[in-house]
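Here's the structure, in structure tokens; my notes come after.
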Amino acid sequence: MIQGHGGNRQALADRLGCDADDILDMSANLNPLGPPGYVHTVIQDHLTAVHRLPEPDARAMAEGFARYHDIDRSSVLPGNGTTFFIYTLPLALAPEKTLILGPTYADYQDACKAAGVCFDLVPAAAENEFQPDLDQVWDLAGQADLVFICNPNNPTGALVPKPDIEALIQAHPHTVFLVDESYLPFVDNADTLSFVRDTHIPNLLVLSSMSKIFRIPGLRTGFISGARSLVEKLAAHYQPWSVNALAQEVITDIFAHPGRITPFYEETRAFIKQEKARFLGQVQGLPGIRLYEGATYFVLAELEDMRASVFCDQVGSNRILIRDCSNFNGLNDYFVRFSLKERAANDKLATSIQRILSRG
């Protein structure tokens, strides 16, 4: 397992001799607006749920997800976060060879390693804004049993148009495609870009995360949906009680009030668009750094003359934690990632970057 999915806030606090709560964490990709207030209310109102076993199959929250997306319940599995399914996939499908579009989330390759599955990483080039070379992917996909596509991608933010992925899937009917849409709710017109409702495609699976958009990573909740025959293979490896009681209560409540979901998504997207433009205006064009805007609220940056570890240490001295991306396969030790937050935090980060780069 790769160490350091995000930054270590406690380690930085220990180095600076301060409390962890004094650290501004801009390393983790979570909704800057935080969860809606009603999420905390649901948690408080259902604390006694931890006194009993939850539903072993998280049926109610799965039904809510299926109802909201207008798909059949048999095409959905709820899980203990999307990573739960990433590690289950190689076990359930037993692919001989897997293809991973990178640079991307390390757990795709870690899951393959854990299952003893061979994989090839197809890295996208920085000069192409990290957009995948689909011609290359097209040639290689037919030689793989399983393809991982994170869309939009972490950490680059690159978004592949849905028709391009759809053509790729249709051209390789004997290859299973896993499209990870964990960050798609942050993108405008996400409904038209998503594959969640395309459960009729026989070689497609889709990951949907609740953790990022609702900022509840500690509850560990996510879904996988897709062709029923593929979902059934995953279900054979499903562990009972894999979703805790509080998580089930929160997610069931969210889908029980669908009218609140779209306004929250729209508010989040509008906020991100405004704050991202503001941040980019402050940092883009500074000597010594190149920003890759991407389609999401996090921003990948490439440093020219300073290693990521040094840059992160200097930003950390201002009690700001950012992501060192040198351990992403396909990136080098000059890449960092900023996960934007509220305006004051973004301005503080921008000021810190300006001062560090001005010193050289």
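The values are calculated or read from the model by the stated rules, or taken from the named source; none is laboratory data. Remember, it's a predicted structure, so these values are computed and weren't measured experimentally. Glycine also receives a Cβ, built like all others from the backbone with ideal geometry; neighbour counts cover every protein chain displayed.
Details
- Flag for residue 271 being aromatic (Phe, Trp, Tyr) and modelled with pLDDT of 95 or more: yes
- Applying the set (1) assigned to a helix (DSSP H, G or I); (2) within 30 Å of residue 142 (Cα to Cα); (3) in contact (Cβ under 8 Å) with a residue 40 or more places away in the chain to residue 71 leaves exactly one unmet item: (1).
- Residue check, residue 147 crowded, with 22+ Cβ neighbours inside 10 Å, at pLDDT 95 or above and in a strand (DSSP E or B): yes
- Top-ranked residue in the range 294-324 [being more than 25 Å from residue 269 (Cα to Cα) and assigned to a loop (DSSP other than H, G, I, E, B); ranked as farthest from the chain's Cα centre (by Cα)]: 305
- Residue count, the range 74-120 (criterion: part of a helix (DSSP H, G or I) and not acidic (Asp, Glu)): 21
- Here residue 21 fulfils each of the conditions (1) in the same structural domain as residue 245 (by TED's automatic domain parsing); (2) assigned to a helix (DSSP H, G or I) apart from (1).
- Being in a helix (DSSP H, G or I), of a type in the set (Lys, Arg) and not assigned by TED's automatic domain parsing to the domain that holds residue 347 is a condition met by no residue of the range 262-275.
- Residue within the range 237-248 that is within 30 Å of residue 137 (Cα to Cα) and assigned by TED's automatic domain parsing to the domain that holds residue 93 present: yes
- Residue satisfying condition, being surrounded by 15 or more Cβ atoms within 10 Å (Cβ to Cβ), under 15 Å from residue 328 (Cα atoms), of a type outside the set (A, V, I, L, M) and out of contact with any Gly (no Cβ under 7 Å at 6 or more places or on another chain), within set 156, 104: 104
- Yes/no for residue 196 being assigned by TED's automatic domain parsing to the domain that holds residue 87, under 18 Å from residue 67 (Cα atoms), in a strand (DSSP E or B) and out of contact with any Leu (no Cβ under 6 Å at 6 or more places or on another chain): no
- For residue 162, the test of being out of contact with any helix residue (DSSP H, G or I) (no Cβ under 8 Å at 6 or more places or on another chain) and free of Cβ contacts under 8 Å to residues at least 60 places away in the same chain is failed.
- Within the range 41-68, the set of residues being among the acidic types (Asp, Glu) and part of a loop (DSSP other than H, G, I, E, B) comprises 55, 57.
- From the options 144, 124, 114, residue that is in contact with a His (Cβ under 9 Å, 6 or more places away or on another chain) and in the same structural domain as residue 183 (by TED's automatic domain parsing): 144
- Residues located in the range 262-308, provided they are in contact (Cβ under 8 Å) with a residue 60 or more places away in the chain and among the β-branched types (Val, Ile, Thr): 268, 272, 283, 289, 296, 299
A quick yes/no check of all residues on (1) crowded, with 18+ Cβ neighbours inside 10 Å; (2) at pLDDT 95 or above; (3) polar (S, T, N, Q):
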residue	(1), (2), (3)
116	no, yes, no
119	yes, yes, no
137	yes, yes, no
151	yes, yes, yes
172	yes, yes, no
182	yes, yes, yes
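- Test for residue 307: is it surrounded by 15 or more Cβ atoms within 10 Å (Cβ to Cβ), more than 22 Å from residue 30 (Cα to Cα) and either basic (Lys, Arg) or touching a Cys at 6+ places or on another chain (Cβ under 7 Å) (or both): yes
- Residue count for the range 121-135, restricted to those that are among the polar types (S, T, N, Q) and either part of a helix (DSSP H, G or I) or at pLDDT below 95 (or both): 1.
- Residues located in the range 158-193, provided they are of a type in the set (Asp, Glu) and assigned to a loop (DSSP other than H, G, I, E, B): 181, 188
- One residue alone among 206, 250 is part of a strand (DSSP E or B) and modelled with pLDDT of 95 or more, and that residue is 206.
- Test: residue in the range 333-343 that is under 19 Å from residue 30 (Cα atoms), surrounded by 14 or more Cβ atoms within 10 Å (Cβ to Cβ), without any contact (Cβ under 8 Å) to a residue 40 or more places away in the chain and not β-branched (Val, Ile, Thr): no
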